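The values are calculated or read from the model by the stated rules, or taken from the named source; none is laboratory data. Everything quoted here is computed from the prediction, not taken from an experiment. Glycine also receives a Cβ, built like all others from the backbone with ideal geometry; neighbour counts cover every protein chain displayed.
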Amino acid sequence: METGQEIPALTDTAAEFLSLIGLKELEHCLFAETLAVVGTGDPPRDKAEGQWWMAAQWAPYRREGEPVRNCILVQARFRGWQDGVPRSSTLKAFVTPQLETLEQEEQECLELRPHPTEKSTHMVSHQHGMTVTKTLQEGEVSPQAEPQCQSFSYRQAELRGLLLEGASLLLLRVLARRHTVPPGLIFPAIDTEGHLCTSSYSALGIQRQAVGSAETEVFVMERAMHTSTGVSTVRQSSFLPNGHLVQMTQVGSPTLMLLQDESILSKSGGFEPQLPFPKEPLNWEEDIQLCSWFLDRKEELQLSHAAYLQQHPEVQALLSDFLQALLLQQPHDPISFAAEFFTHQRPMDTPFASSGSASPLPSSPPDHRPANGE
């Protein structure tokens, strides 16, 4: 069924931020990490009650009748306890470099015997928008306990800038490596019930937190999911400068995910202090003093270069010989030709070919033909 919900708006800040994320920046965010699940009570926190794992990597995305696309595969797994009952969840998402979700599947299982509960949410984008399918299985699979299914369809116009869970985990790594969160970073999202909502991101600043027996500086961010019913889900995450997660917790939850591997700290680097004001472009041409400094330095370099060439006349001869050999032989690979040419140069105690001596470059083999084929 199609929904008639109010369309959450993508802020200008969020739209601009997405457009400025580059492939090189994303490359630094593709890695796997593992955190321990511990209780939020008093220390010690070294007693793990479960595990949380996340990985992001390039992977092909295949869909019948469409060309294969190179996307980022984001996966996450959680296993722990809820009120003494084993609980697990998985996430698998195919995300484009623009953080657009092509397909995502989330599963959650509460292993309460003899009546386990399993929920799954499958989202697939298509040319008309996106389809969300929710499945609920209560109790063991049997004819008397068939799964309950519900589907939602959203139009393309409702999904501009939509940021789902897998893409959000990747976005947090990007923000962590930048060590800053632009104000007003708000995206449309889909909540656990499959309804459109908004997710906002904000920075809580740099703090010091424990990692095993060590202590380090972390960049703390908050992500809030605002549903149409007015209920918000708030998650706080702490990151190292290299984008690795140190701690993650949902406000009000009795557990948190915690990094315990101190070896990660040796590769984390440090935080660069953020300027309290934005950098202004420097228009030196309109600044009399800066322009004067530039022209003086330019003249100084020109005189220095001219003096060097006067002191070393062999430079002109060397370049002349190289250009002559290059144009005569016209090789297909001028870079390799240049490397070979200069490798065979002798100490400058004899005149160059341009002064009457033979070229120091070995002659080309008989089957060598110039690039123009002549």
When GLN345 is run through (1) modelled with pLDDT of 80 or more; (2) farther than 30 Å from VAL37 by Cβ; (3) among the polar types (S, T, N, Q); (4) within 47 Å of the chain's Cα centre (by Cα), the failure sits at (1)
Scanning region 217-271 for residues that are under 20 Å from ALA36 (Cα atoms) and of a type in the set (Lys, Arg) gives ARG235, LYS267
Selection from region 196-232 of residues farther than 21 Å from ALA15 by Cα and either assigned to a loop (DSSP other than H, G, I, E, B) or among the acidic types (Asp, Glu) (or both) yields GLY212, SER213, GLU215, GLU217, SER228, THR229, GLY230, VAL231
Taking region 213-231 and keeping only residues that are crowded, with 16+ Cβ neighbours inside 10 Å and more than 19 Å from the chain's Cα centre (by Cα), one is left with THR216, ALA224, MET225, HIS226, THR227
Here the residues within region 59-77 that are loosely packed, with under 10 Cβ neighbours inside 10 Å and either closer than 17 Å to LEU164 by Cα or of a type in the set (A, V, I, L, M) (or both) are VAL68
Going by the conditions given, is ALA145 hydrophobic (A, V, I, L, M, F, W, C) and modelled with pLDDT under 90?
yes
With criteria (1) surrounded by 15 or more Cβ atoms within 10 Å (Cβ to Cβ); (2) free of Cβ contacts under 8 Å to residues at least 12 places away in the same chain, VAL37 comes up short on (2)
* Asked: Before we move on, is GLY184 in the same structural domain as ALA55 (by TED's automatic domain parsing) and more than 14 Å from PHE17 (Cβ to Cβ)?
  -> no
- Taking the stated definitions as given, is ARG178 free of Cβ contacts under 8 Å to residues at least 60 places away in the same chain, within 20 Å of SER19 (Cβ to Cβ) and surrounded by fewer than 20 Cβ atoms within 10 Å (Cβ to Cβ)? yes
Filter region 117-146 for residues that are more than 37 Å from the chain's Cα centre (by Cα) and not hydroxyl-bearing (Ser, Thr, Tyr); the one that is surrounded by the most Cβ atoms within 10 Å (Cβ to Cβ) is GLU138
Of the candidates ILE186, ILE190, the one satisfying the condition of being among the β-branched types (Val, Ile, Thr), under 26 Å from HIS122 (Cβ atoms) and either at pLDDT 95 or above or under 20 Å from the mean Cα position of the chain (by Cα) (or both) is ILE186
Across region 221-242, the tally of residues that are within 18 Å of ALA56 (Cα to Cα) and in contact with an Asp or Glu (Cβ under 9 Å, 6 or more places away or on another chain) stands at 3
Per the filter on region 233-271, residues in a loop (DSSP other than H, G, I, E, B) and β-branched (Val, Ile, Thr) are VAL251
